[in-house]
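Only one structure is covered here, and it is reproduced in the block below.
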Amino acid sequence: MIDQRALIISLHEIKALKFGTFQLKSGELSKFYLDLRVVVSYPKILRQICSLVSASIQSDTNVKKPLHLCGVPYTALPIATVVSIDTNLPMLIRRKEQKTYGTKKLIDGEYLCGDNVIVIEDVITTGESIMETVKDLQYSNLNVEYVIVIVDRQQGGLQRLSKKGLKVLCLFNITQIVTILKEEGKLSDLEYQDVVDYVKDHQIDIIDYDNKLRTKTSFQRRAELLETSKMTQKVFKLMVEKKTNLCVAADVETAEELLIITEQVAPHICILKVHIDAINGVTESTIKQLQQLAKQYNFLIMEDRKMADIGNTVKLQYKKIISWADLVTVHSISGGIMLKGIQEVIQHESQLNNRGVFIIAELSCEGNLITQQYTKETVKIAENYRDIVVGLVCQTNNVISMPNILQLTPGVNIKTSSDHLGQKYQIPSDVILIKGADVAVVGRGIYEATNPAETAKMYREQLWNTYLERISI
């Protein structure tokens, strides 16, 4: 019989349970950190944890056969492996990314359609990683009813899974853990209370949306959602008022060309996308004229800077453009804390609180290094910074499910499918109906046209009519 109290003390001693102040991947500061990855270096403790999991499976007579085990990658994989050996139950491995060669399998192992799987996870916060594994198993025609978790952070993830119809068993929760550690003199009264208060004050309210809800809901309705930021509401309302979801990428070489093309397309666009640092001859006068055109023709200016540095550096960079750029693009490579720098600048410049960010979740060029996991983590960052994140730049319709976030998709061109530098193009109807874009970005297809104004009008009408078709189907 495993002494669970002694096990918790052992986990604390090997620093699998840490208390203090820790920055999570989302940028949030937590009063505790659970790092069960270290358990693989302590075979005795690993064996004790696995014995508890094995016992819970063997004692449950309601579990349906045939049965497999699947650990959520990666921390739960060694736990699932040992439990598989203990219980003589076959194990499956879910890949974080589907193979692009050979059998292109998502799930490795031998199974039949309709077989049952118990999912094993080390820690649950939101339940997102568990749901990703469950969805991939279900996509492979496997049935999942049970989930076993070692530690519940008690922030809402367990309730979320229960609402999905999953039966969840948690060996420990954080309240049980800190209570035992306090009683054993391992935690002070203050450390104990810090954790209790943190859990109480950091419940995660997660709304699970079907992607069809986003693509089938009108911009007007989406603007009315309470969790939509002020800037996002402004974009939605602008598009509805002007009847356009066209963004023009003015990737021209000179300031003179920029002003000329902007005035030509201005009546037909919701957003003008620029790379100011790549345009020759830009002055303060150029910026002022751009702003005047934006006000006159009711469109927003987006600086496609794609910032991707540490929080403080991004903060300094953003201060240079916040006065004139309504929107800015960023990469998520340095994590969510980078957005905190932008957030602080926006909050400080109270008169400019209508500012927002688009995060790059996918790229349209061939050979880019963005992975499925990177895209998923980017979506999580967007969820954590809803007050400033207007949308994501992506290429596929399964990235965004939340109706309060816009999908901006570049690479639209009626006449060509690619260029010699790896840019892949798509036609307006496909980018709205198939790719799921809310806003489509057209560059060379407009500014290199013989008559940019008429061409922009044509793109605008096609894109808007396709959007209306999408929400009416």
With Cα atoms, 0 to 90° folded angle of helix 284-297 axis to the chain main axis
90 degrees
Quick one: which of 44/182; 96/380; 237/415; 31/163; 295/340; 200/315 span more than 22 angstrom between C-alpha atoms?
44/182; 237/415; 31/163; 295/340; 200/315
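With +1 on each Lys and Arg Cβ and -1 on each Asp and Glu Cβ, how big is the dipole of the chain about its Cα centre, in debye rounded to the nearest 20? Spell out each step's value before the answer.
Working: 55 positive and 55 negative charges, 125 e Å.
With Lys and Arg at +1 and Asp and Glu at -1, about 600 debye.
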Dividing the helical contributions, -39500 (n - 2.57) per DSSP H run of n ≥ 4, by the residues of the chain yields a 222 nm value, nearest 500 deg cm²/dmol, of -12500 deg cm²/dmol
Degrees between helix 372-384 axis and first principal axis of the chain (Cα, 0 to 90, nearest 10)
80 degrees
How far is helix 128-139 tilted off the main Cα axis of the chain, in degrees rounded to 10, range 0 to 90?
90 degrees
In whole Å, how far is the Cα centre of the range 123-155 from that of the range 233-305?
44 Å
Based on DSSP, what percent of beta bridges with both residues in the chain are antiparallel, to the nearest 5?
15 percent
When the chain is fully extended, how far beyond the present Cα-Cα distance does residue 289 get from residue 444, taking 0.36 nm per residue of separation?
53.6 nm
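What order do you get for 110, 383 when you list them from fewest to most C-beta neighbours inside 10 Å?
On the way: 110 8, 383 20.
Listing 110, 383 from fewest to most nearby Cβ atoms yields 110, 383.
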Ranked by how many other beta carbons lie within 10 Å on average, peptides 117-130, 60-73, 166-179 from highest
117-130, 166-179, 60-73
Which label in (i) 1.12; (ii) 1.04; (iii) 0.96 gives the computed Cα Rg over 2.2 N^0.38 Å:
(i)
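Read-outs: derived from the displayed coordinates by stated rules, not from any lab. The shown structure was predicted, so the numbers you read here are calculated from the model rather than taken from an experiment. FYI the Cβ positions are ideal-geometry reconstructions off the backbone, even for glycines, and counts take in every protein chain you see.
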